Amino acid sequence: MMRRTLRQWAVGLLSVLAVCSMAIAQTKPNVVILATGGTIAGAGADATNSATYQAAKVPVDKLIAGIPQLANVANVRGDQVFQIASESFTNAHLLTLGKRVSALLKQNDVDGIVITHGTDTLEETAYFLNLVIHSEKPIVVVGSMRPGTAMSADGMLNLFNAVTVAGSQDARGKGVLVTMNDEINSARDVAKAINIRTEAFKSPWGALGMVVEGKNYWFRLPAKRHTVNSEFDIDKIDSLPLVEIAYAYGNVSETAYRAFANAGAKAIIHAGTGNGSVSAAVVPVLQDLRSKGIQIIRSSRVNAGGFVLRNAEQPDDKYDWIVAHDLNPQKAKILASVALNKTNDSKELQRIFWEY
Ligand code: DGL
């Protein structure tokens with residue numbers, strides 16, 4: 001009799017524990033990690049190799065297993081979408097990833113998404129998603145500057161912080177976010193500004209906040225249109241028109257601009273000197289290409305807290321050119337390729353560059 005009572009007690013206790021653990025699991029957010037490769041999945045030969053390594057080697061399940069503390073902040077599952085170094089991203093990769101993110105966020109059992117990504121083109125992917133994903137749920141793009149095999153690797157904490165933010169209610173509705181080096185940056189503003197330090201990512205207008213020991217601290221909000229307030233929708237985009245970037249410098253010629261036009265570019269981003277200036281040797285070819293229907297968008301090779309002023313050093317109204325505002329050339333390329341899906345009207349395109 002006594003033994004049966006003890007057994008009943010044990011069964012009862014175990015079922016209570018099971019119910020409690022399910023209840024706790026349900027109180028934790030469900031976060032999906034979409035892995036694409038990069039240094040955060042990199043591996044070096046030795047712990048002293050902080051900059052010499054092979055990117056895109058470690059699978060997402062191993063990344064997750066390497067941070068058991070993730071289970072304290074969210075119910076996490078991983079999906080290996082790609083395994084590439086991000087300098088090799090193409091428009092096809094952007095579209096595949098964007099459609100996967102959009103489909104996942106429509107699911108009620110997904111509360112947030114983290115995308116692990118190489119840092120080289122992380123800002124482009126993050127901005128693309130900021131423009132085309134219609135969801136209030138947090139989307140956090142994260143990378144690392146050192147491989148996980150290195151001493152003082154930054155990937156583990158960056159990924160832990162990313163999952164924390166992606167599972168946070170207070171991160172909803174702030175657009176796509178980038179968590180690196182304890183900072184929370186807006187996908188629109190942030191860029192890789194330094195190519196070999198862990199503090200690589202900077203927003204010229206400042207970070208949105210910080211994430212420290214599992215808590216988010218917010219100090220400002222995005223000012224431009226994004227996600228649910230965007231007129232662009234990944235579910236209605238099946239291709240991205242070719243947009244190229246021509247870098248400006250002393251002694252520049254028209255060669256690159258002609259080559260891009262001959263390759264079928266629908267817009268050329270002029271990464272101008274200073275305030276998006278255009279060499280006297282290049283103005284005629286830009287006027288010619290504009291007359292042939294190619295959009296000309298003036299950005300600047302200088303982008304750490306300024307913006308290209310319309311009709312300042314160049315008569316943009318007269319030439320029917322567009323200014324990229326404060327967007328760096330690579331982000332101007334992303335916005336132009338998304339916007340050209342919707343319009344080829346230069347005045348509409350200029351509105352879009354003011355608003356996004
Ligand atoms: N190959 C670079 C990339 O995948 C490595 C840089 C990094 O991920 O930090 O973007």
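Here, the range 179-321 is characterised by an Rg to Rh ratio of 1.04, where Rg is the alpha-carbon radius of gyration and Rh the Kirkwood radius. For the range 288-329, trypsin sites (Lys or Arg not before Pro) meeting the loop criterion (DSSP other than H, G, I, E, B) and having at most 11 other Cβ atoms within 10 Å: K292.
Take the Cα of D317, step 7 Å toward its Cβ, do the same at Q80, and the gap between the two points is 5.7 nm.
The label point for L221 and the one for V16, both projected 7 Å from the Cα toward the Cβ, are 4.5 nm apart. For the chain, the longest principal axis of the alpha carbon atoms and the long axis of helix 329-339 meet at an angle near 90°. Beta bridges assigned by DSSP with both partners in the chain are antiparallel in approximately 30 percent of cases.
For S300, the residues 5 or more places off, or on other chains, whose built amide H falls under 5 Å of its own are G272. Computed from backbone phi, the HN-Hα couplings of the range 88-95 come to 9, 4, 10, 4, 5, 5, 4, 5 Hz, rounded to whole numbers (Karplus: 6.51 cos²θ - 1.76 cosθ + 1.60, θ = phi - 60°; Gly and Pro given as x). Mind listing the phi-derived Karplus ³J(HN,Hα) values for the range 218-232, rounded to whole Hz, using 6.51, -1.76 and 1.60 with θ = phi - 60°, and x for any glycine or proline? Calculated HN-Hα couplings, in order: 9, 10, 7, 10, x, 9, 9, 5, 7, 6, 5, 9, 8, 8, 9 Hz. If you take the alpha carbon atoms of the range 162-217 and fit the smallest convex hull around them, that volume is 73 Å³ per residue. Size descriptors for the range 42-173 (Cα atoms only): Rg and Dmax, in that order, 14.6, 44 Å. Sorted from longest to shortest, the spans of the Cα atoms of the chain along the three principal axes equal 99, 44, 36 Å.
Applying 0.36 nm per residue to the separation of Q54 and T90 and subtracting their alpha-carbon distance, the gain on full extension is 11.0 nm. Considering only H226, N30, A200, and ranking their Cα positions along the charge dipole of the chain that arises from unit charges at the beta-carbon of Lys, Arg, Asp and Glu, the one farthest toward the positive end is N30.
Quick note: the coordinates plus some simple rules give every number you see, no bench work behind them. As the structure is a prediction and not an experimental result, all values here were calculated from the model. Note that each Cβ is placed from the backbone with ideal geometry, even for glycine, and that neighbours are counted across all protein chains shown.
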